[in-house]
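The values are calculated or read from the model by the stated rules, or taken from the named source; none is laboratory data. If you're wondering where the values come from, they're calculated on a predicted model, not measured in any experiment. No Cβ is skipped: glycine too gets one built from the backbone with ideal geometry, and neighbour counts run over all protein chains shown. With ligands, DNA and RNA removed, areas are computed over all heavy atoms of the protein, side chains included. Shrake-Rupley method; radii C 1.70, N 1.55, O 1.52, S 1.80 Å.
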Amino acid sequence: MDTNIPLSAQPRVVIVGCGFGGLKLAQALADAPVQVVVIDRNNYHNFQPLLYQVATGALEADSIAYPIRKIFTGQQNLFFRVADVQGVVPARNLLQTSIGEISYDYLVLATGSLTNFFGLESIERNARQIKSIPNALNLRSFLFENLEQALLTSNPAERQALLTIVVVGGGPTGVELSGSLAEMRRGVLPKDYPELDLQQMRIILVDEGAAVLKPMSTASQQDAQRYLEELGVELHFHTTIRSYEHKRAYFSATEYIETANLIWAAGVNGAAVPGLPDEALTRNKRLHVNRWNLVQGQTNIFAIGDVASMVTEAMPKGLPMLAPVAQQQASHLAANLQRLIHQQQPLNFTYRNKGVMAIVSRNQAVVDLPKQVHFKGFFGWLAWLFIHLILLVGFRNKAVALVDWAFAYFSSGQALRLIIQPLRPRGDDLGKRAAEVLAATPDYTAPPPAIQEPSLNSQEASCLAGD
Ligand SMILES: Cc1cc2nc3c(=O)[nH]c(=O)nc-3n(C[C@H](O)[C@H](O)[C@H](O)COP(=O)(O)OP(=O)(O)OC[C@H]3O[C@@H](n4cnc5c(N)ncnc54)[C@H](O)[C@@H]3O)c2cc1C
């Protein structure tokens, strides 16, 4: 296979990843005297902050994704290839990819992050995650399929497990997902499933810490917590899920909650590309970078966004993994690369925090702005809608999202409750995966299997079990 990227007299900047950071950087280099090569394993840019809305049927997957080739139409100095980057060989300025080797003069890693299961193998194997569009579509199918299953079983324990959703991780993803599920339980499900007793349906949000939305202000944390409680989300703090086998989520050696729906939103690791020295990696697999985004120990390899760990005076643990950080670093690096090409000294990056927000449900969002300005409720929700609409790529996506949101607002219902990828076999052949899922269906009379790292006290245990 040949990558067929023409050689150029200009320096070649290879950007791995076309998420928030990679996209912005490639656009910012449109008029620079460089050849830009963008590589992504997908042929679309994914707007991750709205993945949970795809998972709960509020938005179409197509409205949060945008074809990369369409974004770069007319950008003469850019070549895009769909490929998986498997390694980097810094000594030879070479990338190893699924379509062959690609050389670079400057390499920018903008590969984002991956779900961190903290080495808990049973959770990685059996829980659902929400990091990509396929994940979100699968989760949607899975949730609705379990509701269909709940109608069919005559075993009360099995029905309760099918109607119990446990979300692990009280960050923005966990909060937004739990809020959206609780809203669905209140608005849409009674109409769709009049035969189900939805009083039985439990939405449980679990976190190891003492509050939701840890990086936000105390006021936002408390408001979000109140909104969730009003929606009937059960909050369990100081609680760690340690394993998940046979639809039992264990939080101590013998104590568990039966749930067919465990959603893991408890953390992420940097998606570093193999080939860089271990010293360049942080504990959660991000790359140490300096204030120019230069990877530690390298002279022409940069990292931006989630995969980069940049420590500043204000943020000694590294800048947060947020879309604005990736975008601002991209713009800054575009200018610095041009300085380097003109043999000028690069400039240090400074993060401008323009605010953070999280939505819980309709009319309920929390917003923290700089200078300790906090607002919430309807105006917070409007601000959230407005910002996300602006940030979505492409007019069509903005228009479709707006229509979907308006429909949901006025009808109290998510429109897209389709089971696209069923996990249980039907009359047709759904293959190996369906058989695996079926094989994992628990025997509700079986003794619990052995688990790892028991620790929680009995008070927390009985609290989670709903005693
Ligand atoms: C569910 C969810 C909700 C979020 N909500 C918010 C929010 O409300 N506000 C906020 O600011 N941030 C939010 N974030 C975080 C935000 O999405 C990230 O900070 C942002 O996407 C980081 O941008 P990035 O460019 O570093 O990486 P990404 O946007 O993740 O892009 C990485 C790209 O690299 C590609 N890639 C990775 N590895 C390879 C490889 N080996 N070969 C080829 N291609 C590769 C991927 O396909 C992807 O396109 C959320 C994240 C998630 C998952």
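Observations
- Ordered by solvent-accessible area of protein heavy atoms (1.4 Å probe), largest first, the residues D62, D192 come out as D62, D192.
- T97 contributes an accessible area of around 10 Å² to the protein surface, as traced by a 1.4 Å probe with all chains present.
- Percent carbon-and-sulfur accessible area, the chain, ignoring ligands, DNA and RNA, probe 1.4 Å: 54 percent
- Cut-off 19 Å (backbone N to label point 7 Å along Cα→Cβ of F379), residues of segment 209-247: 217-224, 227
- Computing FRET efficiency as 1/(1 + (r/R0)^6) for F237 and Q27, where r is the C-beta to C-beta distance and R0 is 41 Å, gives about 0.45.
- Solvent-accessible surface (1.4 angstrom probe) belonging to I387, in square angstrom, nearest 10: 70 Å²
- Relative to the longest principal axis of the Cα atoms of the chain, helix 218-230 runs at roughly 40 degrees.
- Efficiency of FRET from Cβ geometry, L198 and S331, R₀ 51 Å, rounded to 0.05: 0.60
- Rg over Rh for the chain works out to 0.98, using Cα positions for both radii and the Kirkwood form for Rh.
- The residues of the chain have, on average, 45 Å² of accessible surface per residue, using a 1.4 Å probe with all protein chains present.
- Largest-first ordering by accessible area, 1.4 Å probe, given options E313, E234, E208, E121: E313, E208, E121, E234
- Working from label points 7 Å from Cα in the Cα-to-Cβ sense, the K371 to L151 distance is 5.5 nm.
- Largest to smallest accessible area among I390, I341 [probe 1.4 Å]: I390, I341
- One Cα centroid belongs to segment 111-137, the other to segment 209-244; the line between them spans 21 Å.
- Size descriptors for segment 181-272, from the alpha-carbon set: Rg then Dmax equal 15.4, 48 Å.
- Sum of -39500 (n - 2.57) over DSSP H runs of 4+, divided by residues of the chain (222 nm, nearest 500): -9500 deg cm²/dmol
- Contour excess over end-to-end distance, with Cα ends at T218 and A9 and 0.36 nm allotted per residue: 69.8 nm
- Scanning residues 5 or more positions from S309 or on other chains, those with amide H under 5 Å from its amide H are L287, H288, V289, with H placed 1.01 Å from N in the peptide plane.
- For the pair segment 346-419 / segment 282-345, the C-alpha centres are spaced 27 Å from each other.
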